[in-house]
1. Of the conditions (1) assigned to a helix (DSSP H, G or I); (2) in contact with a Lys or Arg (Cβ under 9 Å, 6 or more places away or on another chain), Gln146 fails just one. Which one is it?
2. Determine the pairs where a residue that is on the phi < 0 side of the Ramachandran plot and modelled with pLDDT under 95, located within the stretch 132-152, has a partner that is of a type in the set (Phe, Trp, Tyr) and crowded, with 21+ Cβ neighbours inside 10 Å with Cβ atoms under 6 Å apart, the partner being 6 or more residues away or on another chain.
3. Only one residue in Gln146, Gln137 is among the polar types (S, T, N, Q), surrounded by fewer than 17 Cβ atoms within 10 Å (Cβ to Cβ), closer than 20 Å to Trp190 by Cβ and out of contact with any Phe, Trp or Tyr (no Cβ under 7 Å at 6 or more places or on another chain), so which one is that?
4. Determine whether Val82 is touching a helix residue (DSSP H, G or I) at 6+ places or on another chain (Cβ under 9 Å), in contact (Cβ under 8 Å) with a residue 24 or more places away in the chain and closer than 16 Å to Ser270 by Cβ.
5. Which residues, taken from the stretch 188-229, are hydroxyl-bearing (Ser, Thr, Tyr), farther than 20 Å from Pro240 by Cα and outside any loop (DSSP other than H, G, I, E, B)?
Amino acid sequence: MKKFLSLLMALAMILSLAACGGAGGEAAPADETPAETETPAESDGSATAVATGVEDGVLTIAMECAYAPYNWSQNDDSNGAVPISNVPGTYANGYDVMIAKKICEANGWELEVIQSDWDSLVPGVQTGTFDAVIAGQSMTAERAEQVDFAGPYFYATIVCVTKADSEFANATSIADLAGGSCTAQIATIWYDQCLPQIEGANVQTAAETAPAMLMALETDTVDFICTDMPTAQGAVAAYPDMKILDFSGTDGDFQFSDEVRAENVNIGVSLMKGNTELKDMIDSVLSTMTVDDFNALMEEAISIQPLSE
């Protein structure tokens, strides 16, 4: 009898616990869809929305401030230069600044420029340290996996630069550069994909910055460098003893698929992944500009760049 009563009490306790569970945590009906149990924020997508970054009326952008003619630093606000917010007393200017000012003027924003090292530009956009990068960046597939791009805001070509009195000054193809020592800027198509195409070239360590790359050539540390046309044009303006070697449109040019070449000659504005609203606002400005507009603005930047940085 005692065993029987014990079993009855245990059964009663189990039924009681089950009833309590049903009152507070009843499973959803089988015909209820996931959408019916989502919070309003999840159902309308606001939980994952990316802030534009310009809610405060300020577009914060980053650049090296050492990559003429795209961007450079100077000691005053001449020629429309703007203050560098994290380097007091110093101003930024160049093609990137000119483009940024047009974007801000069209949207009624103030412009803030932050100086940042090349390798920190993409991570800074990803973490929201700045709203965008306008720094002469190519719209490569690799970068596009990490950031979204607005633009292009310039179309460049890949060239080499040597000294005017160099044995390579009359080269008509990359084959004529065999045996020469060379370099290019780190983490660029110029270093990673162009220089390896030159058979017999003595490829040196990549330069950390564009100025360092140019100085390697100017001091005869290397025989030639590989870069894009605007950087080369800026180099020749600053160093008259340099010469541009442009093989584009010939059989002796660097070889890429049309897709890869387009990725690496199109310069874009990088943004945080998913920031479609800011991308659309920037594209709405850039889409009104033609190739001739871009080239004219680049010529202006080259004409006012400092002779040395």
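1. For Gln146, the exception is condition (1).
2. Met139/Phe149
3. The unique qualifying residue is Gln146.
4. Judged against the criteria, Val82 is not a match.
5. Within the stretch 188-229, Tyr191 is the sole residue that qualifies.
The values are calculated or read from the model by the stated rules, or taken from the named source; none is laboratory data. Values in this document were obtained by computation on a predicted structure and should not be read as measured data. Here Cβ is always computed from backbone atoms with ideal geometry, including for glycine, and neighbour counts include all displayed protein chains.
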